[in-house]
Ligand code: PMP
C-alpha cells in the first residue's frame, strides 16, 4: 500500500515552465522577460567582480567549516543590519538579528514568529503581490487578506483604495510592505504616501513586515532604505526581511537576514529564543558561503566600493531601460517612474500567449516583465511587438 497514493499533483510554477519553453525555442530573436534576475545588455547574469574577489579571499582565509550557531555569520548580520537600518537602529538592544537562507527564509521565519505570537493576526497584502507570499503566509498557518494596491488602468498605485481597505484592519494585524522595487508591479510610494502609511500603522496598531529584497536597485542604498528606517524608528515593533540575493547577485547562495524590533528586554529575549527555536526546526543553521562573502565585501573599503559601483550600474541599466520603454511607448509612460526589475504590462492572458507564440517574447501569465531582460539589441523587436497588444 503506497503512502503517497493520496498526494495530489500541485499546479506547476508558471515561471519554471516558461524557462523550459524558452530553452526549447530556437527562434534567434526570442526575448526572455520571465524569471526575475538581473541581466546585462548581453542577457547574462555574471558573478559580480566584488563577489569573485571576496570568494577568493574566503577560500584562502577560511580555516574551518564547523558550525557557527543560530545567528549565522554574526559579522554579516551586523553589517547587513547597518546597511539596511543605519548604525543606530541596527545596534539597538531591542533589535533581534539573525542570518537566514535568503529573503524567503527570513519571510518564512517572520510569519512563523507572528503565528506563534498571535494566531488570529491577519496579514494584509497588496493586490497583486509576489506570488510566493501566499504559500509563505499559509504555511505558517496565518490568514492573508488582500487590499487594493495597484491599479492596472492607470499603471499606478490606488492609494486611496488601499487606505480605505486597510481601514478595516484590526489592532495587531500585520501589513506586508515591499521596501522598494515592488514585485510584480514596480510601483513605488511617494514619500508622503510612506508617511501616511506609517501614521496608519500607528493609528490602528498594525505591525509592519517589510520585505526588503531589492535594496539599492531602486533609487540607491540610502534612498531605498529611508522609508524602511522611518518605520523601524517610529513604531514600537517592526520586522524587516532582508535579502542580499539581488543586490549582490548571489541568488543561488541564499543570503538573507531577519531583523525584528521589540519593545522590552524580556520581549526581545523571547523573540530571539522563538526565532532560534523555529529556525532550528526548519533549517537548523543558515548556509555560510554567501553570507561570509558579503561580510568580506562589506568590511573591506575597497571591495565595498567596487560592489557599490556594480550595484549602481545594475540600477542605472534598469532605470535607463525603463526610460527607453516609456519613451517608445507612450501608453507605458508610467514605467519610467516605477522601480526595480518588474513592471506589469496591461496585456490580456491571450496576448501573453500570442506574444510568446508569434513574437517569441516570454513573460509571466499576468503580464509581468523583467525589465532587465530587455537590451539595446532586442528593444526594437519588443516595442514593435508589444504596441499592438496593449489594452
Ligand atoms: N521578496 C520578494 C518580493 C522577491 O521578489 C524575492 C525573490 N524573488 C524574495 C523576497 C526572496 O528572495 P531570496 O531569493 O533572497 O529568497
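The values are calculated or read from the model by the stated rules, or taken from the named source; none is laboratory data. Everything quoted here is computed from the prediction, not taken from an experiment. For neighbour counting, all protein chains shown are included, and Cβ atoms are generated from backbone atoms with ideal geometry for every residue, glycine included.
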- Output for segment 259-274, where each listed residue is buried (at least 21 other Cβ atoms within 10 Å of the Cβ) and part of a helix (DSSP H, G or I): 271
- Task: Would you mind finding the one in 216, 256 that is in contact (Cβ under 8 Å) with a residue 12 or more places away in the chain, buried (at least 17 other Cβ atoms within 10 Å of the Cβ), on the phi > 0 side of the Ramachandran plot and within 16 Å of the ligand (Cβ to nearest atom)?
- Result: 216
- Task: Could you tell me which residue of segment 376-391 is surrounded by the most Cβ atoms within 10 Å (Cβ to Cβ), considering only residues that are assigned to a loop (DSSP other than H, G, I, E, B) and touching a helix residue (DSSP H, G or I) at 6+ places or on another chain (Cβ under 7 Å)?
- Result: 389
- Message: Being surrounded by fewer than 24 Cβ atoms within 10 Å (Cβ to Cβ) and more than 12 Å from the ligand (Cβ to nearest atom) is the filter here; which residues of segment 99-117 pass it?
- Response: 112, 113, 114, 115, 116, 117
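State yes or no: is residue 130 part of a strand (DSSP E or B) and crowded, with 17+ Cβ neighbours inside 10 Å? Steps first, please.
Values: part of a strand (DSSP E or B): no; crowded, with 17+ Cβ neighbours inside 10 Å: yes.
Against the criterion (part of a strand (DSSP E or B) and crowded, with 17+ Cβ neighbours inside 10 Å), residue 130 does not qualify.
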- Does segment 137-147 contain at least one residue that is under 30 Å from residue 332 (Cα atoms), at pLDDT below 95 and either within 15 Å of the chain's Cα centre (by Cα) or within 16 Å of the ligand (Cβ to nearest atom) (or both)? no
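A quick yes/no check of all residues on (1) within 16 Å of the ligand (Cβ to nearest atom); (2) in a loop (DSSP other than H, G, I, E, B); (3) free of Cβ contacts under 8 Å to residues at least 24 places away in the same chain:
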site	(1), (2), (3)
154	no, yes, no
162	no, no, no
172	no, yes, no
183	yes, yes, no
198	no, no, no
222	no, no, yes
231	no, no, no
242	yes, no, no
- Item | residue 189 surrounded by fewer than 22 Cβ atoms within 10 Å (Cβ to Cβ), under 27 Å from residue 118 (Cβ atoms), within 16 Å of the ligand (Cβ to nearest atom) and within 19 Å of the chain's Cα centre (by Cα) | yes
